[in-house]
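This report concerns only the one structure given below.
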There are 2 protein chains.
Amino acid sequence: MFAPVYFDHNATTPLDPRVLEGMLPYFATQYGNASSRHEYGRAARRAIDEARQRVACAVGAHPTEVVFTSGGSEANNLFIKGAAAYLKPGVVAISAIEHPCVREPAKQLIREGWRLREIAVDANCRIASADFCAVLEEKPALMSVMLANNETGAIQDVSSLASQAKPSRAWFHTDAVQAFGKCPLDFRMLNAAGVHALTVSAHKLGGPKGAGALVVDKRIELQPLIAGGGHERGLRSGTENVAAIVGFGLAAELAAARLDVRQTQLASLRAELEAGVVAQGATVFADINVRLPNTSYFAFPGIDGETLVGKLDRAGFAVAAGAACSSANPEPSHVLLAMGIESSLARAAVRVSFGMENTTQQVRDFLAALNDTIVQLKGLTAVTS
Amino acid sequence: MFAPVYFDHNATTPLDPRVLEGMLPYFATQYGNASSRHEYGRAARRAIDEARQRVACAVGAHPTEVVFTSGGSEANNLFIKGAAAYLKPGVVAISAIEHPCVREPAKQLIREGWRLREIAVDANCRIASADFCAVLEEKPALMSVMLANNETGAIQDVSSLASQAKPSRAWFHTDAVQAFGKCPLDFRMLNAAGVHALTVSAHKLGGPKGAGALVVDKRIELQPLIAGGGHERGLRSGTENVAAIVGFGLAAELAAARLDVRQTQLASLRAELEAGVVAQGATVFADINVRLPNTSYFAFPGIDGETLVGKLDRAGFAVAAGAACSSANPEPSHVLLAMGIESSLARAAVRVSFGMENTTQQVRDFLAALNDTIVQLKGLTAVTS
């Protein structure tokens, strides 16, 4: 069977074979419920404890600060809604480029009396300082600014933003789902600067779908989204997904190791790609250094991104048009619009996100296929116009 | 390695090897995000669609009525909180024997102006008719009565209860997590009687942890617990756990097949067990026919259940003391207390729950080990008293 080249690691990643190997015993023989008080239960509990250590160590947190969830969306909702339930309704301030799983729960707070304030970004997808200061004047009670953007890869200086926000006493959260494994992540340092919680997810870093975590300062009180048996210090009930949590622990450990080597390799693939696409006439978005090394977001003016992705798919390359997280969203990317990109150019956006199994040869093959496709599509456009 | 005999299938079940085999491709090669618009994404989407068909077919529902969640606790919370968000605060009525993941979200509604009313059960763990009628007089807006109890296995006539509740126009939910795979389940029939939603979970029926579903009448409006990318018809956002959902589909199909044969085999193991424990002086709780065929809940007066479970664990048998779903709950079972069982006897409760891989020989070995343990513990009691 012919396997297309996978260039969509910001959507999800292949499961690392070492991670799968570590998970398998928890399917086949160690299938206990971690709450059970017999050997099967204790084995499951030990596995979860060990995974919690690994995740904590990889993100620079204490194990008791790690609350396992079913994934990043749940962790983001847990923070936004769970914190809001403990606060008097006020201003919830989020960046204009947040993932829908931060934007939507923040919007849901409006009906409970909250005011939603979006923080502007500049043309490079970075928080606009003037607007950030203006937001602080409005005394937000809750804030969320993502560490790295899923579409452009742009990285925010969350540490500095949280420091600036500290006097406002807002509860400050950062969605680190895309950052984890691609740039350094240290909750202890972020926490000292004023970040109270961060979200991570296993399947973006070679781990399985179905596991994520909210890493949270224990001074923050949260109402659980999922109430019940009191698992995860009462913050997240439900039988723990032991195998997925074990996989998360292993993937986190692998993601934190040799990060600099991986960053260099990913950045080199991207440099090769971007030199090629620019030569073919593409515009690269957020073409800045403070960007995830694996992520490239570009557009060929006049060529629809969805169409291009479809053609590349048939040519054997899996890439994304805008964010690949919602099922049917025909609108242009809210991230690009927030950056001030024209709607027509935003509709042309294509995202390539590399992983460690990708090779220079794959990038070269991709550039050749892309060139053929662009020539073909421009020909069609020329005929129909 | 010596593997203890597993008699705790109501806590969780071994993953069926056929289910694991079906899941593996979605870890190893078909790792796409189901929202991605390339071949990896489409393969994941097809797998989810197929699993949804399988689950729907197994519970007698239409595929569009199946909302996948991370498990039963999430599905129960989604219904209770999600429905309450669309209703004017009123009375939420739940049976006194519900799982904490129904009880706790129902309690959380109190701070939003709801009144929580618990429906009494009789000594056999079945809904007390007189109290059920009294509850209906209070015009509940939301109701939840579990189909089969996790501790005693007692089965409620949910169809008849929902019919009686129909004139009250309450939104009626049933937690069918323990029932599915052990007794017939037909959402179409239940829905006609007046049940609007039911909860099922994969890991209780030979499927993986990390997948469950709320099966819900589409006329019911729910606010999502996890908002974001709009997955699952907007009712549950977050990257789908493809492998777990695939496993759920396969496990559901297997659980619905040859149910009568399995029921007979499980009931025969239980008959052997209960004859033995009664001969040794145990009291069997909810010793009635309308009970899950795999579940036996009993107590030896004067012998602490936790202690007995610990001794049996060391003898190589994994059984439960009370519900094994919360991490640290020293209180006697709320289910037994609701049945009017004395607190001292409730503390003696031990649950055995069989699965299809259990054998008559295992039951006989267990009875022998139990007898030794009881003799030993009674000797200790005699010495210390």
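The values are calculated or read from the model by the stated rules, or taken from the named source; none is laboratory data. Predicted, not measured: the structure shown is a model, and the values here were computed from it. Cβ coordinates were reconstructed from backbone atoms using ideal geometry, including for glycine residues, and neighbour counts include every protein chain displayed. Side chains included, ligands, DNA and RNA excluded: accessible areas come from the protein's heavy atoms. Shrake-Rupley method; radii C 1.70, N 1.55, O 1.52, S 1.80 Å.
Quick rundown of the values:
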{"quantity": "So B:D8, is it within 19 Å of B:A255 (Cβ to Cβ), within 14 Å of chain A (Cβ to nearest Cβ) and surrounded by fewer than 23 Cβ atoms within 10 Å (Cβ to Cβ)", "calculated": "no"}
{"quantity": "Looking only at region A:213-240, and only at residues there that are open to solvent by 20 Å² or more (accessible area, probe 1.4 Å) and at the interface with chain B (Cβ under 7 Å from one of its Cβ atoms), the one that is nearest to the chain's Cα centre (by Cα)", "calculated": "A:T239"}
{"quantity": "Odd one out for B:A123, checked against (1) crowded, with 24+ Cβ neighbours inside 10 Å; (2) within 25 Å of B:D157 (Cα to Cα)", "calculated": "(1)"}
{"quantity": "Test set (1) in contact with a Lys or Arg (Cβ under 8 Å, 6 or more places away or on another chain); (2) open to solvent by 10 Å² or more (accessible area, probe 1.4 Å); (3) within 14 Å of another protein chain (Cβ to nearest Cβ) - A:T307 fails condition number", "calculated": "(1)"}
{"quantity": "Hits in region A:64-112 (condition: assigned to a loop (DSSP other than H, G, I, E, B) and more than 13 Å from chain B (Cβ to nearest Cβ))", "calculated": "A:L87, A:K88, A:P89, A:G90, A:A96, A:I97"}
{"quantity": "Any hit, region B:285-304, residues being in contact with a strand residue (DSSP E or B) (Cβ under 7 Å, 6 or more places away or on another chain), modelled with pLDDT of 95 or more, of a type in the set (A, V, I, L, M) and in a helix (DSSP H, G or I)", "calculated": "no"}
{"quantity": "Which numbered condition A:R258 misses (of (1) under 29 Å from A:A58 (Cβ atoms); (2) among the charged types (D, E, K, R); (3) open to solvent by 60 Å² or more (accessible area, probe 1.4 Å); (4) modelled with pLDDT of 95 or more)", "calculated": "(4)"}
{"quantity": "Out of B:G249, B:G229, sole residue that is touching a residue at least 24 places away in the same chain (Cβ under 8 Å), part of a loop (DSSP other than H, G, I, E, B) and out of contact with any Gly (no Cβ under 6 Å at 6 or more places or on another chain)", "calculated": "B:G229"}
{"quantity": "Any hit, region A:222-232, residues being touching a Phe, Trp or Tyr at 6+ places or on another chain (Cβ under 7 Å), within 16 Å of A:I48 (Cα to Cα) and assigned by TED's automatic domain parsing to the domain that holds A:T174", "calculated": "yes"}
{"quantity": "Top-ranked residue of region A:44-63 - restricted to ones that are more than 10 Å from chain B (Cβ to nearest Cβ) and within 23 Å of B:G310 (Cα to Cα), ranked as most open to solvent (accessible area, probe 1.4 Å)", "calculated": "A:R46"}
{"quantity": "Condition met for A:V216 (of a type in the set (V, I, T) and either outside the structural domain of A:R169 (by TED's automatic domain parsing) or in contact with a Gly (Cβ under 7 Å, 6 or more places away or on another chain) (or both))", "calculated": "no"}
{"quantity": "Test: residue in region A:242-253 that is open to solvent by 40 Å² or more (accessible area, probe 1.4 Å) and within 21 Å of the chain's Cα centre (by Cα)", "calculated": "yes"}
{"quantity": "Condition check for A:G210: open to solvent by less than 20 Å² (accessible area, probe 1.4 Å), within 19 Å of the chain's Cα centre (by Cα) and in contact (Cβ under 8 Å) with a residue 12 or more places away in the chain", "calculated": "yes"}
{"quantity": "Filtered residues of region B:28-63 (kept if farther than 15 Å from B:F248 by Cα, of a type in the set (A, V, I, L, M, F, W, C) and in a helix (DSSP H, G or I))", "calculated": "B:A28, B:A43"}
{"quantity": "A:E50 in the same structural domain as A:A176 (by TED's automatic domain parsing) and under 18 Å from the mean Cα position of the chain (by Cα)", "calculated": "no"}
{"quantity": "Near pairs, Cβ below 8 angstrom, 6+ apart or cross-chain, from region A:265-281 (within 14 Å of A:Q362 (Cα to Cα) and outside any helix (DSSP H, G or I)) to any residue that is of a type in the set (D, E) and open to solvent by less than 60 Å² (accessible area, probe 1.4 Å)", "calculated": "none"}
{"quantity": "Residues within region A:142-169 that are surrounded by 21 or more Cβ atoms within 10 Å (Cβ to Cβ) and in contact with a Lys or Arg (Cβ under 8 Å, 6 or more places away or on another chain), tallied", "calculated": "7"}
{"quantity": "Which listed residue, of A:G340, A:G355, is assigned by TED's automatic domain parsing to the domain that holds A:S296, modelled with pLDDT of 95 or more, in a loop (DSSP other than H, G, I, E, B) and farther than 22 Å from A:V278 by Cβ", "calculated": "A:G355"}
{"quantity": "Residue among A:A34, A:A28, A:A3 that alone is under 25 Å from B:L312 (Cα atoms), at the interface with another protein chain (Cβ under 9 Å from one of its Cβ atoms) and surrounded by fewer than 19 Cβ atoms within 10 Å (Cβ to Cβ)", "calculated": "A:A28"}
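Every residue, every condition in (1) open to solvent by 10 Å² or more (accessible area, probe 1.4 Å); (2) among the basic types (K, R); (3) without any contact (Cβ under 8 Å) to a residue 40 or more places away in the chain; (4) within 14 Å of chain A (Cβ to nearest Cβ), yes or no:
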{"residue": "B:F298", "(1), (2), (3), (4)": "no, no, no, no"}
{"residue": "B:P301", "(1), (2), (3), (4)": "yes, no, no, no"}
{"residue": "B:L312", "(1), (2), (3), (4)": "no, no, no, yes"}
{"residue": "B:F317", "(1), (2), (3), (4)": "yes, no, no, yes"}
{"residue": "B:P332", "(1), (2), (3), (4)": "yes, no, yes, no"}
{"residue": "B:L336", "(1), (2), (3), (4)": "no, no, no, no"}
{"residue": "B:Q362", "(1), (2), (3), (4)": "yes, no, no, no"}
{"residue": "B:F366", "(1), (2), (3), (4)": "no, no, no, yes"}
{"residue": "B:L377", "(1), (2), (3), (4)": "yes, no, no, no"}
